[in-house]
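First up is the structure itself, then whatever we jot down about it.
The values are calculated or read from the model by the stated rules, or taken from the named source; none is laboratory data. Given the structure is predicted, the values throughout are model-derived calculations rather than measurements. With ideal geometry, Cβ positions are generated from the backbone for all residues, glycine too; neighbour counts draw on all protein chains shown. Heads up: the accessible areas ignore ligands, DNA and RNA and are worked out on the full protein's heavy atoms, side chains in. Shrake-Rupley method; radii C 1.70, N 1.55, O 1.52, S 1.80 Å.
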Amino acid sequence: MLYSVREAAALLGVSDDTVRRWIESGALTARSGPAGRASVDGAELAAFARDHAGPTPADPSGVARSARNRFVGLVTSVVADGVMAQVEMQCGPHRVTSLMSADAARELHLEPGRTAVAVVKATTVIVETPGGTS
């Protein structure tokens, strides 16, 4: 998955210019995205986010819920066996880990670099993806 400079900036909680400076300095690698504009690979962005955590961006889902603890971020790791999956996300300065069925992780297309929302209610962490794709 590729992210535009603007999307990468929003996910990292910085300005577009900061992402451009990181690209110019070699801290991030730009690729040619849609319409020939600079884009950043999601997996690279996830690794960068883990190492350079900033404030959490706004929830892109547009869904109202009773759960107040919602963390928007990037999937940084997915480890799945036959039945269960461990999904790690970097949500601004927070690292969130969720245990779910491997089927759920596959259905949500969770992979490093994917945008997701971690919803924390008591001891349960629910992971959502924008657009309602399942």
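Look through E107, E7, E24, E111 and report the one residue that is charged (D, E, K, R), closer than 17 Å to G131 by Cβ and either modelled with pLDDT under 90 or over 11 Å from the mean Cα position of the chain (by Cα) (or both). Can you show your working first?
Details: E7 fails: either modelled with pLDDT under 90 or over 11 Å from the mean Cα position of the chain (by Cα) (or both); E24 fails: closer than 17 Å to G131 by Cβ; E111 fails: either modelled with pLDDT under 90 or over 11 Å from the mean Cα position of the chain (by Cα) (or both).
Only one candidate qualifies: E107.
Which numbered condition in (1) at pLDDT below 95; (2) in a strand (DSSP E or B); (3) open to solvent by 20 Å² or more (accessible area, probe 1.4 Å) is the only one that D59 fails?
(2)
A35: open to solvent by 80 Å² or more (accessible area, probe 1.4 Å) and at positive phi, yes or no?
Here the answer is yes, as A35 does meet what is asked.
Could you please tell me which pairs satisfy a Cβ distance under 8 Å, a separation of 6+ or placement on different chains, a first residue in segment 70-92 that is closer than 25 Å to D59 by Cα, and a second residue that is aromatic (F, W, Y) and open to solvent by 20 Å² or more (accessible area, probe 1.4 Å)?
The qualifying pairs are M89/F71; C91/F71; G92/F71.
Where the second residue is assigned to a loop (DSSP other than H, G, I, E, B) and the first is over 23 Å from M1 (Cα atoms) and lies in segment 101-125, which pairs have Cβ atoms under 6 Å and are six or more apart or on separate chains?
K121/A67
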